[in-house]
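K.L.:
My questions will all concern the structure given below.
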Amino acid sequence: MGYFIPDDLGNLVVASEDPIEGGIEYNDPALFATLMLAPYNYKWINNSLLNYPRPTPYHAWDGTQWQFSQRLITDAREFIWEKIKDYRQQRQYMGVKITVDGTDYWIHSDEVSRSLHLGLVGAAILHIMRNFLGVLAVPSFPSGLRWKTMHVDANGDPVFITLDWIVSLQIFAADQNMTSLCFTRAEIHRMTLQYHPDPLNYNYTTGWPTVYGE
């Protein structure tokens, strides 16, 4: 047994196994259990519950048959585009790689870390002003500054590197490059998505720049 409320076109806008105020009672437990799995495949027409399987998620019921809906496929593309943008944001915050003395290191690139990287860039600029432009009123880059990477050693302890002004600029450049690559890839997926016949099943996880752990 179940209850549903149809709209003027026969779509079941509400369906529940529990009583619904103003709902139509339907006493066929087996059928109603199937209906609950995909209520959009059932229509209430002339006081009869009929099965009209939807061809694709991009078809809308017009009261008598399914019609392909450009609005639904446009909505689906917009929905997936939002997913792509979220994925883009996640990727650019999942680490950037730099090379120090011939060894590759992954550096945290989340939003907080990036704000700290800007501070390092400022210190590097002051160092350049003092040591290459002769502006003695500003300090050199701090010596012996240690920075935690995304790596851990055999004991599970974090691995640190020693920063100088060059490595600091490397980190900043890596942040900017990662952002640029992620935005470029997102735009490629956006353009491809516009011509994909099945946007809800479009795979937007391909082609992105490598992040830590991959």
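K.L.:
Got the relative contact order for the chain handy, in percent, Cα pairs under 8 Å and 6 or more residues apart?
P.N.:
16 percent
K.L.:
Once you wrap a convex hull around the alpha carbon atoms of segment 1-87, what is its projected area averaged over all directions, in nm²?
P.N.:
Spelled out: convex hull of the Cα atoms, projected over all directions, averaged, 7.0 nm².
K.L.:
In addition: How large is the Kirkwood hydrodynamic radius of segment 36-117, counting all unique pairs of alpha carbons, in Å?
P.N.:
Roughly 17.3 Å, rounded to one decimal.
K.L.:
Can you tell me the relative contact order of segment 128-204? Whole percent, Cα pairs under 8 Å, sequence separation 6 or more.
P.N.:
For segment 128-204, the relative contact order is 16 percent.
K.L.:
Per residue of the chain, what 222 nm ellipticity follows from adding -39500 (n - 2.57) for every DSSP H run with n ≥ 4, rounded to the nearest 500?
P.N.:
-13500 deg cm²/dmol
K.L.:
Work from the charge dipole of the chain (Cβ charges, +1 for Lys and Arg, -1 for Asp and Glu, about the Cα centre) and give the residue of Q170, I84, P139 farthest towards its positive end.
P.N.:
Positive-most Cα among the choices belongs to P139.
K.L.:
Against the empirical 2.2 N^0.38 Å scaling, what ratio does the C-alpha Rg of segment 1-160 come to?
P.N.:
Working: Rg = 30.9 Å, N = 160, 2.2 N^0.38 = 15.1 Å.
Against the empirical 2.2 N^0.38 Å value, I get 2.04 for segment 1-160.
K.L.:
Separate question: Once the other residues with Cβ under 13 Å from the Cβ of M1 are scored (Lys, Arg +1; Asp, Glu -1), what is the net sum?
P.N.:
Combined, the nearby Lys, Arg, Asp and Glu give -4.
K.L.:
Could you report the chain's accessible area per residue, 1.4 Å probe, as an integer in Å²?
P.N.:
59 Å²
K.L.:
Then there is this: Size of the dipole of segment 46-171 about the Cα centre, Lys and Arg at +1 and Asp and Glu at -1 on the beta carbon, nothing else charged, in debye to 20?
P.N.:
On the way: 12 positive and 12 negative charges, 49 e Å.
Dipole of segment 46-171, to the nearest 20 debye: 240 debye.
K.L.:
Starting from the Cα of K97, draw a straight line to each of the lysines and keep only those under 16 Å, dropping any in the same chain fewer than 8 residues away.
P.N.:
Once the sequence-local lysines are set aside, what remains near K97 is K148.
K.L.:
Which one of L31, S180, A15 has its Cα pushed farthest toward the positive end of the charge dipole of the chain, where Lys and Arg give +1 and Asp and Glu give -1 at the Cβ?
P.N.:
S180
K.L.:
In whole percent, and with a 1.4 Å probe on the protein chains, what portion of the accessible area of segment 22-162 is carbon and sulfur?
P.N.:
Roughly 55 percent, rounded to a whole number.
K.L.:
In Å and from the alpha-carbon atoms only, list the Rg and Dmax of segment 66-185.
P.N.:
Answer for segment 66-185, Rg first and Dmax second: 20.3, 77 Å.
K.L.:
Still on this structure, I have one more. Around F32, with a cut-off of 14 angstrom between Cβ atoms, what is the net charge of the other residues, counting Lys and Arg +1 and Asp and Glu -1?
P.N.:
Working: positive: none; negative: E17, D18, E25, D28.
Computed value for this residue: -4.
K.L.:
Still on this structure, I have one more. How high is the relative contact order of segment 26-75, given as a whole-number percent (alpha carbon pairs under 8 Å, six or more residues apart)?
P.N.:
RCO, segment 26-75: 19 percent.
K.L.:
About its Cα centre, how strong a charge dipole does the chain have in debye, to the nearest 20, once Lys and Arg get +1 and Asp and Glu get -1 at the Cβ?
P.N.:
Its charge dipole is roughly 980 debye.
The values are calculated or read from the model by the stated rules, or taken from the named source; none is laboratory data. What you see is a predicted model; the values in this text were computed from it and never measured. Heads up, the Cβs are rebuilt from the backbone with ideal geometry, glycines too, and the neighbour counts pull from every protein chain shown. Please note that ligands, DNA and RNA were not included when accessible areas were found on the heavy atoms of the full protein model with its side chains. Shrake-Rupley method; radii C 1.70, N 1.55, O 1.52, S 1.80 Å.
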